[in-house]
Amino acid sequence: MAEHFLAGLAGIIIAGIAAQWLAWRLRLPSILLLLIAGFLLGPVTKIVNPDELFGNLLFPTISLSVALILFEGGLSLKLTELPEMGWALLKLVSIGALTTWAISAAAAHYILGLDPLFSILLGALVMVTGPTVTGPMLQYIRPQTKLNNLLKWEGIIIDPLGAMFAVLAFEVLLAGNLDKVPLVAVTSIIRTIAFGGIIGALTAIVLTIMLRYYWIPDFLQNPLALMSVVLAFVLANSAQAESGLLAVTVMGITLVN
């Protein structure tokens, strides 16, 4: 059992790094070859079965990995970049995201024949781009600085928002009553923004104070930062489902600014 787990984990790491190297050699977006490698390793050849390999740890592992990616992404977001983007960013993460959600939900209902509530949930899930998608694309395309910053911000900000909307859609699905949508929506959004924003900002402030006054030795600074990210993520998720992604994003932005 231990050997099987080790072999599967090694296969994932080797395939992932090999795909990124090959993408660099072929001058292709790494996300493209990573997707192909994942399909070949999983559904096609069935060499790796994530559910069997990780069991109950699969979802927490993925959630924590996404949290670390968003924290790193938050560290790259400078508030000084916001003025040059104007209203474009707000339109992308509001009108653009909601439009994608609506079109995806409509396609799921009318083309795939899914139940309306399930279609809304699916639309919320596929509306997210995320830094793991936009990052490799921006690295490959290398657009002008203004457009690069805009897409970078959108890719990072939309991830926690997408998670919030997915939870909102799921809660509506559980309620099974569209009359409760306004109350469920407002409550869920307020709780997510409040818990995620406050916990993320407070954790960043405490970490900044500890680093500024040298309460932590140099060799423990990186482990402490990692611990703080995990702590903020878990605390926020405990208070409100899927608000942890917003917490770590806010934490990264607060630290760097």
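A compact table of results
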item: Options 167, 234; residue that is part of a helix (DSSP H, G or I), of a type in the set (A, V, I, L, M, F, W, C), over 28 Å from residue 81 (Cβ atoms) and in contact with an Asp or Glu (Cβ under 6 Å, 6 or more places away or on another chain); result: 167
item: Filter result for residue 80 (assigned by TED's automatic domain parsing to the domain that holds residue 166, surrounded by fewer than 12 Cβ atoms within 10 Å (Cβ to Cβ) and polar (S, T, N, Q)); result: yes
item: Single condition residue 94 does not satisfy, out of (1) without any contact (Cβ under 8 Å) to a residue 12 or more places away in the chain; (2) under 18 Å from the mean Cα position of the chain (by Cα); (3) farther than 25 Å from residue 145 by Cα; result: (3)
item: Enumeration of residues in region 216-231 that are farther than 23 Å from residue 60 by Cβ and either part of a helix (DSSP H, G or I) or at pLDDT 90 or above (or both); result: 218, 219, 220, 221
item: Among (1) free of Cβ contacts under 8 Å to residues at least 12 places away in the same chain; (2) in a helix (DSSP H, G or I); (3) of a type in the set (Val, Ile, Thr); (4) surrounded by 13 or more Cβ atoms within 10 Å (Cβ to Cβ) - the single one residue 192 does not satisfy; result: (1)
item: Selected residue (only one of 216, 156, 198, 205 is β-branched (Val, Ile, Thr), closer than 29 Å to residue 133 by Cα and free of Cβ contacts under 8 Å to residues at least 60 places away in the same chain); result: 198
item: Residue identified as of a type in the set (A, V, I, L, M, F, W, C), in the same structural domain as residue 95 (by TED's automatic domain parsing) and touching a residue at least 24 places away in the same chain (Cβ under 8 Å) among 247, 185; result: 247
item: Matching residues, region 75-102, being of a type in the set (Gly, Ala, Ser) and within 17 Å of residue 164 (Cβ to Cβ); result: 94, 96, 97, 102
item: Restricting region 195-209 to residues that are surrounded by 15 or more Cβ atoms within 10 Å (Cβ to Cβ) and among the aliphatic types (A, V, I, L, M), the residue that is farthest from residue 157 (Cα to Cα); result: 207
item: Unique match (being over 20 Å from residue 125 (Cα atoms) and part of a helix (DSSP H, G or I)) among 11, 38; result: 11
item: Residue 120 surrounded by 17 or more Cβ atoms within 10 Å (Cβ to Cβ) and modelled with pLDDT under 85; result: yes
item: Condition check for residue 156: buried (at least 22 other Cβ atoms within 10 Å of the Cβ) and under 21 Å from the mean Cα position of the chain (by Cα); result: yes
item: Unmet requirement for residue 4, which otherwise passes all of (1) surrounded by fewer than 12 Cβ atoms within 10 Å (Cβ to Cβ); (2) in the same structural domain as residue 250 (by TED's automatic domain parsing); (3) within 30 Å of residue 227 (Cα to Cα); result: (2)
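The values are calculated or read from the model by the stated rules, or taken from the named source; none is laboratory data. On a predicted model such as this, the values are computed, not experimentally measured, just so you know. Every residue, glycine among them, receives a Cβ derived from its backbone with ideal geometry; neighbour counts consider all protein chains shown.
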